[in-house]
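So the structure is just underneath, and the comments pick up after that.
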Amino acid sequence: MTVLVAVPEGREGPQALHAGAGEARLLDTDLVVLNLTLHSIDLSGLPEDLKVTLLERSGPEDRDPADTVLEEIDQRPDVQRLVIGMKRRSPVSKALLGSVAQRLLLDSPVPVLAVKAED
């Protein structure tokens, strides 16, 4: 069994990573970190006894972030939980731009732990 954490750009990324590590320890399982940013992420703050697998995107032309996460879940039948970070958005922003987090909440085949970024 595995916990998959999707790490986006912004403040919600590190918070999702931290929550994902906590969830993996709570469930006594491995952590798969899917880096949705366009730069490397620092995993040094994670517990040393936690087995972590890091997956990177190839660049901005790579798949849609939500598709990337959903396809990773499809390819890994051992994923039992998805951890995502969320930020506060206005109603207009939600209506016009959509949301990767919203799509993952609605389309994920596994339970989702949504972590709100602190203001």
So which residue, out of GLY20, GLY85, GLY45, gets the largest mean-square fluctuation from a GNM of the chain using Cα contacts under 10 Å as springs?
-> GLY45
Of PRO47, PRO14, PRO65, the most mobile residue in a GNM of the chain (C-alpha springs, cutoff 10 Å) is PRO47
Using alpha-carbon coordinates, inclination of helix 65-75 to the longest axis of the chain, degrees | 40 degrees
How large, in percent, is the carbon and sulfur part of the accessible surface of the chain at a probe radius of 1.4 Å?
-> 53 percent
Give me the accessible area per residue for the chain, probe 1.4 Å, as a whole number in Å².
-> 58 Å²
In percent, how large is the relative contact order of the chain, given Cα pairs closer than 8 Å and 6 or more residues apart?
-> 33 percent
Length added when fully stretched, ARG103-HIS39, from 0.36 nm per residue minus Cα-Cα | 20.7 nm
Can you give the angle from 0 to 90° between the axis of helix 12-26 and the longest principal axis of the chain, with both taken from C-alpha atoms, to the nearest 10?
-> 40 degrees
Compare LEU54, LEU43, LEU26 in a GNM of the chain, Cα atoms joined below 10 Å, and give the one with the largest fluctuation.
-> LEU26
What residues qualify as long-range amide H neighbours of LEU113, i.e. H under 5 Å apart, gap of 5 or more or another chain, H built at 1.01 Å from N?
-> LEU82, VAL83, ILE84
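The values are calculated or read from the model by the stated rules, or taken from the named source; none is laboratory data. Remember, predicted model here, so these are calculated numbers, not experimental data. Remember, those area values only see protein heavy atoms, side chains included, never the ligands or the DNA or RNA. Shrake-Rupley method; radii C 1.70, N 1.55, O 1.52, S 1.80 Å.
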